[in-house]
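Working notes for the structure below.
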Amino acid sequence: MRYLTALLFLLATTVASASTTISYQGQLQDDSGPVNGSVDMSFTLIDAETGGSQVGSTIHLTGVNVVNGLFRVDLDFGEQAYGSGLWLAIEVEGDPLLPRQAITGAPFAISMAEDDPDPPSCDTPEDDCGDYCNAMQLGCTGEFSSHQECLDACACYPNDGQPGDTSGDTLQCRQTWLQKGFDGDVSPEVACTNAAPASPECID
């Protein structure tokens, strides 16, 4: 059976905890449409979009629940696997899904958190984070497991940016990318990736 997948999100766990776990949420389809039921899946990190070498160990999961094509799994490749320039290779029932998915979320953020000798003060007021977290829950479903988790992450964003900023590691930059998604200026995937804690555009 031929399987197809469309990336929805690579979801970061709370960066402040420096967890090595990331959550992957995707949509699985076969030739007849969205899949329902349980499937066996494997996940491998590769250091190139095509070809390349494996990084870390393959994670094998049996009986992954898929409802209307949607699934979510938690993956932990260990600290040695995290960094930039990595792709996630997925197999479903032994069939590879192409193309590989670029890793742009939690792994990079974890490396930043562990290497940064001066971690953020995490004192951005909750009032300033409320609108951001409401928008994230509305437009980027699953990026955070709860509203409080979003508030905790947002508290660590520097709050010294300007409205409309598209770069700079600030709350304002992430809010701009969210707004771009709502306005249709960029795709939801691009908006959510750049509004997340490990935003590739906002982190200098």
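Every number in this text was worked out from the coordinates using simple rules, so none of it is lab data. Every value quoted in this text rests on a predicted model; they were computed, and no experiment measured them. In this analysis, Cβ positions are derived from the backbone assuming ideal geometry, glycine residues included, and neighbour counts consider all displayed protein chains.
List the residues of the stretch 24-54 whose backbone N lies under 11 Å from a point placed 7 Å from the Cα of GLU91 along the Cα-to-Cβ direction.
The answer is 41-44, whose backbone nitrogens lie closer than 11 Å to the label point.
Provide the per-residue ³J(HN,Hα) series for the stretch 62-72, in order, calculated from phi with Karplus coefficients 6.51, -1.76, 1.60 and θ = phi - 60°, each as a whole number of Hz, with x at glycine and proline positions.
So the J values, rounded to whole Hz, are 10, x, 5, 6, 10, 10, 6, x, 8, 9, 9.
Show me, for the stretch 85-95, the HN-Hα J-couplings you get by feeding each phi into the Karplus relation (A = 6.51, B = -1.76, C = 1.60, θ = phi - 60°), rounded to Hz, glycine and proline as x.
Each residue's phi maps through the Karplus curve to give x, 10, 10, 9, 9, 10, 10, 10, 6, x, 8 Hz.
Between GLU49 and ASP160, what FRET efficiency follows from the Cβ-Cβ distance if R0 is 35 Å, with the result rounded to 0.05?
0.45
Starting from the Cα-Cα distance between VAL67 and ASP128, subtract it from 0.36 nm times their residue separation and give me the gain in nm to one decimal.
18.4 nm
How much length, in nm to one decimal, is gained on full extension between LEU138 and VAL190, taken as 0.36 nm per residue of separation minus their Cα-Cα distance?
17.2 nm
Within the stretch 186-204, find all residues whose amide N lies under 11 Å from a label point positioned 7 Å from the Cα of SER167 along Cα-to-beta-carbon.
Residues 201-204 fall inside that zone.
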